[in-house]
Amino acid sequence: MSARRVRYGQRLRSLRDDERGSAAAELVLLTPGLIMMLLFIVFCGRMADATLRLEDAAHQAARAASLARNVTNARNDAHATASAALANAGITCRSLAVTVNTAGFQPGATVSVEVTCTAGLSDLALLGMPGSIQLSASFSSPVDTYRGVAANAGGT
C-alpha cells in the first residue's frame with residue numbers, strides 16, 4: 001500500500017509542478033496589451049511630429065507673408081508656402097486652412113498666420129481614436145522696417 005501511495009503522491013506533485021505551456025498562455029494574454037501600447041506610442045509620435053511640422057509651416061508662411069509687397073500677395077504667398085512646407089514634410093491634411101492677419105500691413109508692423117490642419121487617424125482605429133484630429137499653429141513675423149510696400153497696403 002505504501003508503494004501505491006508514494007506513486008500517487010509523486011504523480012500529484014509532478015502534475016502540480018508541471019508548467020508546460022504557461023509561457024504560451026502568458027504570451028497569448030499579453031499580446032493584445034502590447035499591441036495597444038505600441039499603437040499608442042505610434043499615435044503619440046505621429047502627433048508630436050505633425051505638431052512640429054505644422055509649427056514650422058506656420059513660421060515659413062508668416063515669413064513669406066511678411067516679405068510680400070501687398071496684402072493680396074501676402075495671403076497668397078502664406079497659403080502657398082504653408083501647403084508646400086507640409087507637403088515637403090510628408091504631412092497630409094484632409095483640410096488645410098491658412099488665416100493671415102495683415103492689419104496695418106506697413107513697415108514695422110507684424111503679419112500673423114494661423115495654419116490649421118485636419119489630420120487623419122483612421123489607420124489607428126484599434127485604439128478607438130477618432131477618425132481625424134485638428135491641429136493648429138500660429139506665428140507672427142515683422143514686416144521689414146526699411147522696405148517699401150504698395151500704396152494700398154491696408155487690410156484685415
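The values are calculated or read from the model by the stated rules, or taken from the named source; none is laboratory data. All figures in this text were calculated on a predicted structure; none of them were measured in a lab. Glycine gets a Cβ as well: all are built from the backbone with ideal geometry, and neighbour counts include every protein chain shown.
To keep it simple, each residue is scored yes or no on (1) of a type in the set (K, R); (2) farther than 15 Å from L67 by Cα; (3) modelled with pLDDT of 75 or more.
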| site | (1), (2), (3) |
| --- | --- |
| T92 | no, yes, yes |
| S95 | no, yes, yes |
| Q106 | no, no, yes |
| S112 | no, no, yes |
| T116 | no, yes, yes |
| L124 | no, yes, no |
| I133 | no, yes, yes |
| V143 | no, no, yes |
| A151 | no, yes, no |
(request) Only residues that are surrounded by 16 or more Cβ atoms within 10 Å (Cβ to Cβ) and either free of Cβ contacts under 8 Å to residues at least 24 places away in the same chain or in a strand (DSSP E or B) (or both): list them for segment 77-89, please. (result) D77, H79, S83
(request) Would you check if there is a residue in segment 49-71 being surrounded by 15 or more Cβ atoms within 10 Å (Cβ to Cβ), of a type in the set (S, T, N, Q), at pLDDT 85 or above and not in a helix (DSSP H, G or I)? (result) yes
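Conditions tested, residue by residue: (1) in a loop (DSSP other than H, G, I, E, B); (2) in contact with a Leu (Cβ under 8 Å, 6 or more places away or on another chain); (3) surrounded by 14 or more Cβ atoms within 10 Å (Cβ to Cβ); (4) without any contact (Cβ under 8 Å) to a residue 24 or more places away in the chain.
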residue: I91; (1), (2), (3), (4): yes, yes, yes, no
residue: L96; (1), (2), (3), (4): no, yes, yes, yes
residue: G104; (1), (2), (3), (4): yes, no, yes, no
residue: G108; (1), (2), (3), (4): yes, no, no, no
residue: C117; (1), (2), (3), (4): no, yes, yes, no
residue: D123; (1), (2), (3), (4): no, no, no, yes
(request) Would you check which residues across segment 53-75 are in contact with a helix residue (DSSP H, G or I) (Cβ under 9 Å, 6 or more places away or on another chain) and over 16 Å from D144 (Cα atoms) and list them? (result) R53, L54, D56, A57, A58, R75
(request) Sort out which residues of segment 130-147 are over 13 Å from the mean Cα position of the chain (by Cα) and touching a residue at least 60 places away in the same chain (Cβ under 8 Å), and write them in order of number. (result) S138, F139, S140, S141, P142, V143, D144
